[in-house]
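Novice: My questions will all concern the structure given below.
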Amino acid sequence: MSELVTITSIAGGGDGVGRLEDGRAVFVPRSAPGEQVLLDPRSLERRKNFARGEIAEIVAAGPARVVPACRHYLDDACGGCQLQHLSYDAQLAAKRSIVGEALRRIGKLDLPDPEIVEAAEEWRYRAKVTLAVRPGGKGVTVGFHPRNRPNAVFPLRDCHIADLRLMALWRRFLGHLDLLPERASHVTLRLDREGRRHVVVESAGEPWLRAGDLREALAAEGEVVCWWQPEDGAARVMAGPATGFPATAFEQVHPEMGALARAWAVEQLGSLAGQAAWDLYGGIGDTAVLLAAGGAAVVSVDADEKAISWARARTEPGSERIRFIAGKAEDVLPSLGEPPAAVVVNPPRSGLHWDVTLRLTGEPVPRLVYISCDPATLARDLSRLSTNYRVSGVKAFDLFPQTAHVETVVVLEAA
C-alpha cells in the first residue's frame, strides 16, 4: 500500500525529506518542499534509522515545483542534475540550508544558514563534461548515467548546463564515435581559458591511435586537442599542441563564479603586503596570483605536476612573488618552515588530509580561508580546526545551478 508523505526540506544529495508513519525520515528524489507525494511501495527501502522511496504520484505539488527544461532529466532520469524540478529561488534556499545544516549538525558550530551568491548563469555554464562509454550490440553508447541505474548509460543529445560550444563539439563528435579506442570508458570535453576545446579519452589497453583522425573531423569547431588517459598512468596529448593549457588539471567548471568565490576569499584576508601566504591545493595558481597581486610572498602547492608546470609560466603582475611546488600538501608542509600570515586551502571533495589539519592546528596561522565543494567534509574539518580557530565569516556561492552541489568559503581566525 502506498504511503502518503509530506516533503519538508531538501537533503544534501538533493533528495526531498519527509517522515513515514513510523517516524523514520524518508529521502525521496525529485520531490519538492511543501508537497504531498504517494510513495511507490515497490521502491521503499526501510533502513534502521531512515528510508528511501520513489514517487508514485504527486498528490499536491509544492509551490517551488517547475517543469524541468531538459528532456533527459525527465525521460532518462539523468543523474547529472538533481534540482531541475525546483525554481531557482528554491534551489538557492535549499543550498543555504544544506550548508547551514552540515555546519551545525556535523561541525557542531552555532551558525545560521549562510548568505549565498546566485549564479551569473543558471544554464549553459559548465566548461567541462565527462561522459561514460558503454559498448553494445548496436555500437557504442556515450552519455550519462540514470540516477537510479548507475551501471547503465543513456545516449546524450544535449546537456542544458553545458556550454553551447561544448555541445556543438559534441554534436559533431557523435558522427565519429567509431574513432574511439576499443576499450574506452570515459570521454571528457573541456573548454580552456585560451579558447581551445579538449577531448580527453580514458581507456585501457593500447594507446588511442586514431586521435588525429578525430581532431581532423572536429576541426570546424575551432582548435581541438585530443588527449589519451590510460587507466594507470598520466594523460598525454595524442593530437594537437602539447604546450598549452593542461586539460586534466583542476579548474572550476563554472569559471566566472569560481573567480567570484576566490576574490571574496582573498579579500577576507585583508592586506598581506610584504607577508607570507600559503596556497594549498592551489591547482593552476589562480588564488596564488590574487594573493601575490596584493603584495604577498606566496607558496602554492598542488599534486598535479601538469598544473604546476602551467602555473609557473604565468606572467600576471606579482607572479614573480609566487613559488610553485608540485607535491601533496601533506608531504610538502614540513619543508615550508615558519607559519605564514595567512593560508588558503581548497582541497578536493574528500577534504583536508589529516596531516594538514594537524599542522594547521599545531601551529595556528592568524588567518585561514577554507574553500570547499562539499559541505559535509567542510563541516568535519571545521570541527577539527575549532580547537584553535573561530569562524569569522561564511558565504556560499552557487557554482552548480540545477544540481545539489554548492561551493562554500569559510573565513577562520586563530582563537
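Here, each number is a calculation from the coordinates, and none is a lab measurement. Note that the coordinates shown come from a computational prediction; the quantities given were computed from them, not determined experimentally. So basically every Cβ, Gly included, is an ideal-geometry build from the backbone, and we count neighbours across all protein chains shown.
Novice: Using 7 Å Cα-to-Cβ label points, what is the residue 243/residue 8 separation (nm, one decimal)?
Specialist: Computed distance between label sites residue 243 and residue 8 equals 6.2 nm.
Novice: State to the nearest 20 debye the size of the charge dipole of the chain about its Cα centre, where the only charges are +1 on K and R beta carbons and -1 on D and E beta carbons.
Specialist: 480
Novice: Using the Kirkwood radius over C-alpha pairs as Rh, can you work out the diffusion coefficient of the stretch 320-415 via Stokes-Einstein at 20 °C, viscosity 1.002 mPa s, in µm² per second? Walk me through the numbers before you get to the answer.
Specialist: Numbers: Rh = 14.2 Å.
It diffuses with D of about 151 µm²/s by this estimate.
Novice: Which net charge results when you count Lys and Arg as +1 and Asp and Glu as -1 among the other residues whose beta-carbon is under 13 Å from that of residue 364?
Specialist: Summing Lys/Arg as +1 and Asp/Glu as -1 gives +1.
Novice: Looking at the square roots a ≥ b ≥ c of the eigenvalues of the Cα gyration tensor of the stretch 4-65, which shape do they give, rounded for a/c under 1.5, prolate if a/b is larger than b/c, or oblate? Could you put the intermediate results ahead of the total?
Specialist: Details: a/c = 1.70, a/b = 1.35, b/c = 1.26.
Prolate, because a/c is 1.5 or more and a/b exceeds b/c.
Novice: Sticking with this one: Multiply the residue gap between residue 271 and residue 58 by 0.36 nm, knock off their C-alpha separation, and tell me the result in nm, one decimal place.
Specialist: Gain on stretching residue 271 to residue 58: 71.3 nm.
Novice: Which of the GluC sites (Glu not before Pro) across the stretch 220-296 are loop residues per DSSP, with 16 or fewer other Cβ within 10 Å?
Specialist: 223, 231
Novice: Where does each of 66, 411 land when they are ranked from fewest to most other beta-carbon atoms within 10 angstrom? Walk me through the intermediate numbers first.
Specialist: Details: 66 13, 411 20.
Least to most surrounded, the residues fall as 66, 411.
Novice: Give me the net charge for the shell around residue 391: Cβ to Cβ below 10 angstrom, other residues only, Lys and Arg +1, Asp and Glu -1.
Specialist: Residues close to residue 391 contribute a combined charge of -1.
Novice: Can you give the helix-only mean residue ellipticity at 222 nm for the chain, where every DSSP H stretch with n ≥ 4 adds -39500 (n - 2.57) and the sum goes over all residues, rounded to the nearest 500 deg cm²/dmol? Spell out each step's value before the answer.
Specialist: On the way: 10 runs with 93 residues, N = 415.
Dividing the helical sum by the residues of the chain leaves -6500 deg cm²/dmol.
Novice: Given the options 344, 116, 393, identify the residue whose Cα lies farthest towards the positive end of the charge dipole of the chain (+1 on Cβ of Lys, Arg; -1 on Cβ of Asp, Glu).
Specialist: Value computed over the given set: 116.
Novice: Could you state the number of Å between the C-alpha centres of the stretch 351-415 and the stretch 145-212?
Specialist: 34
Novice: Decide, for the stretch 348-396, between rounded, prolate and oblate: order the square roots of the alpha carbon gyration tensor eigenvalues as a ≥ b ≥ c, take rounded if a/c falls under 1.5, and otherwise choose prolate if a/b is larger than b/c, else oblate.
Specialist: oblate
Novice: Counting only DSSP beta bridges with both residues in the stretch 128-239, what percent are antiparallel, rounded to the nearest 5?
Specialist: 75
Novice: To continue, here is another question. For the pairs 108/306; 138/306; 95/128; 328/395; 48/128; 108/128, flag any whose C-alpha to C-alpha distance is greater than 31 Å. Provide the component values of the computation, followed by the final result.
Specialist: Values: 108/306 38 Å; 138/306 38 Å; 95/128 22 Å; 328/395 27 Å; 48/128 39 Å; 108/128 35 Å.
From the list (108/306; 138/306; 95/128; 328/395; 48/128; 108/128), the Cα-Cα distance tops 31 Å for 108/306; 138/306; 48/128; 108/128.
Novice: Taking one equal scatterer on every alpha-carbon of the stretch 128-239, how large is log10 of I(q)/I(0) by Debye at q = 0.19 1/Å?
Specialist: -1.00
Novice: Could you list 81, 70 so that the one with the fewest beta carbons within 10 Å of its beta carbon is first and the one with the most is last?
Specialist: Final ranking by Cβ density, sparse to dense: 70, 81.
Novice: Of all beta bridges DSSP finds with both residues in the chain, what is the antiparallel percent, to the nearest 5?
Specialist: Numbers: 51 of 83 bridges.
DSSP beta bridges in the chain are roughly 60 percent antiparallel.
Novice: Ok, one more. Just rank 103, 4, 272, 336, fewest to most, by other beta-carbon atoms within 10 angstrom.
Specialist: With the fewest neighbours first, 103, 4, 272, 336 line up as 4, 336, 272, 103.
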